[in-house]
Amino acid sequence: MTLLRGRDVFSGEAVELVVERDEIVEIRPLAASAASLPWIGPGLIDLQVNGHAEGDANAAQPDASQIAAMSRSLSARGVTRFLPTIITASEADIIARIRAVVDACADPAVARAVAGIHIEGPSLSEQDGPRGVHPLAHIRPPRIDELQRWLDAASGLLRVVTLSPHHDGAVEATRFLVANGVQVSIGHTHADEEQIRTVVDAGATLSTHLGNGAHGVLPRHPNYIWSQLAEPRLRAGVIADGHHLPDSTLATMLAAKRDHGIFLVSDAVATPAALRHGGESTVGGGVELASDGALRHVATGYLAGSVQTLDVGVATVARITDSLATAYDLATHAPAAALGLPALWQPGARADVMQFEWTPGDTEIHPVRVLIAGEPATV
């Protein structure tokens with residue numbers, strides 16, 4: 001049995017958490033000053049992680065060690081479940097990267113952290129702006145036979161596919177994926193309102209990093225951002241790293257989606273030593289770490305994922321909303337609900353737990369202790 005004490009991130013009250021094996025057995029009030037304790041809450045859940053630190057889901061030579069490295073480094077930032085996210089590439093490369101995730105999950109420690117696979121592309125917009133840094137040479141319409149090969153390779157781990165509704169075959173692909181237990185997310189799109197509605201009618205339920213992967217200039221209204229904000233059947237992922245969305249835009253999206261679903265993602269990418277010392281990112285040629293701390297394409301200035309993790313997003317939203325509880329919910333309960341994971345932070349729930357330090361004004365939260373299914377992670 002493990003006992004953890006802390007200030008409940010949602011209630012602000014002092015609590016003692018009782019963990020047995022991989023399960024939360026009890027969360028009970030504690031007769032102590034909450035102010036003297038670290039914060040405590042469920043582990044963070046990230047549904048869009050291309051890579052982190054030295055680990056890369058999109059490595060040129062994919063293997064299980066890349067995913068294991070992601071799992072270790074993300075857990076140190078409080079992320080206890082994540083979706084390795086594979087971006088637009090040739091079919092052979094996508095299949096190889098899927099297999100790397102499957103192979104990594106043969107290790108129980110990795111399997112506890114990997115909640116599935118997210119494939120972002122290749123059926124995205126071919127237009128500059130919405131395409132972001134996804135390689136134009138590999139943008140292609142969805143094909144059922146290719147999707148079936150992904151499913152075969154993924155061994156039940158494929159959970160989310162991001163596509164653009166403008167493609168011929170997008171409706172059929174959506175129906176096929178949903179019938180096979182995969183959520184469809186709209187992203188990197190220039191689709192019009194009718195195309196978006198048609199794919200939602202077919203079963204799409206998510207929006208990928210809404211507000212990004214877009215043209216620099218849009219019609220005032222309607223446009224594909226407004227259409228997704230207004231659609232109550234879509235839960236929206238947003239990146240709160242201080243670069244992807246200005247505070248006012250993020251605050252507006254939080255308000256617009258408050259009643260029908262919004263959650264934080266990091267869109268983190270690998271940051272190996274070569275990249276930190278002036279090299280290029282594996283997410284695309286010509287992508288470098290800019291002087292402002294953002295990952296950008298040197299020719300266009302387009303953002304190419306983030307070098308921040310969800311701990312930064314939580315602190316950003318806490319500052320904007322003046323509520324740590326609200327921010328923390330968007331990185332835990334909200335993504336769990338979006339992915340259909342079991343309830344968190346209650347007796348009987350899996351023991352994914354983080355103790356952390358944070359004070360108003362901090363730009364990130366600071367993990368002190370992390371459990372993944374009751375097992376300690378290195379912080």
Placing each pseudo-label 7 Å from Cα in the direction of the beta carbon, GLU13 and SER36 end up separated by a distance in nanometres of 1.9
Karplus ³J(HN,Hα) for the stretch 65-82 (6.51 cos²θ - 1.76 cosθ + 1.60, θ = phi - 60°; Hz, whole; x = Gly/Pro) runs 5, 5, 6, 4, 5, 4, 4, 5, 6, 5, 5, 5, 9, x, 8, 9, 9, 7
Hits in the stretch 37-72: amide N under 16 Å from the 7 Å Cα→Cβ extension of SER90, namely 59-62
One finds the C-alpha centres of the stretch 314-379 and the stretch 102-118 to be spaced, in Å, by 20
The size of the Cβ-based charge dipole (Lys, Arg +1; Asp, Glu -1) of the chain about the Cα centre, to the nearest 20 debye, is 260
Counting sequence-distant residues (5 or more places) and residues on other chains, those with an amide H built under 5 Å from that of ILE87 are GLU120
Of all DSSP beta bridges having both residues in the chain, the percent classed as antiparallel (nearest 5) is 50
Candidates GLY12, GLY78, GLY242; GNM for the chain (alpha-carbon contacts under 10 Å) flags as most fluctuating GLY12
Taking Cα atoms only, Rg over Rh for the stretch 303-379 with Rh from the Kirkwood formula is 0.98
For the stretch 10-146, the Debye formula with one identical point scatterer on each Cα and no solvent gives log10 I(q)/I(0) at q = 0.17 Å⁻¹ as -0.92
So, for the Cα atoms of the stretch 200-277, Rg and Dmax in Å stand at 14.3, 47
Expressed in angstrom, Rg and Dmax over the Cα atoms of the stretch 158-231 are 11.7, 37
Computed over the stretch 26-146, the relative contact order (Cα-Cα under 8 Å, seq sep at least six) in percent reads 24
log10 I(q)/I(0) for the stretch 1-71, Debye formula on C-alpha points only (no solvent), q = 0.11, 0.12, 0.18, 0.23 Å⁻¹, two decimals, reads -0.46, -0.52, -0.75, -0.89
Length gained, ARG233-ARG140, 0.36 nm per residue minus C-alpha separation, equals 30.9 nm
In whole Å, largest first, the alpha carbons of the stretch 122-263 cover along the principal axes 43, 33, 29
One finds, for GLN148 and MET1 with R0 = 51 angstrom and r their Cβ-Cβ distance, a FRET efficiency to the nearest 0.05 of 0.65
Expressed as a percent, the accessible surface of the stretch 25-170 that is carbon or sulfur, using a 1.4 Å probe and the full set of protein chains, is 53
Heavy-atom accessible area per residue of the chain, all protein chains kept, 1.4 Å probe, expressed in Å², is 39
Among the stretch 126-150, those whose backbone N falls under 19 Å of a label point 7 Å along Cα→Cβ from TRP226 are 130
With a 1.4 angstrom probe the carbon and sulfur portion of accessible area for the stretch 307-379, in percent, totals 49
The whole-number value in µm²/s of the Stokes-Einstein translational diffusion coefficient for the chain, with Rh from the Kirkwood sum over alpha carbon pairs at 20 °C and 1.002 mPa s, is 103
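The values are calculated or read from the model by the stated rules, or taken from the named source; none is laboratory data. Here the structure is a predicted model, which means the values were calculated and not measured. Ideal geometry is used to build each Cβ from the backbone, glycine not excepted, and the neighbour counts take in all protein chains shown. We work out accessible area using only protein heavy atoms, side chains counted, and drop any ligands, DNA or RNA first. Shrake-Rupley method; radii C 1.70, N 1.55, O 1.52, S 1.80 Å.
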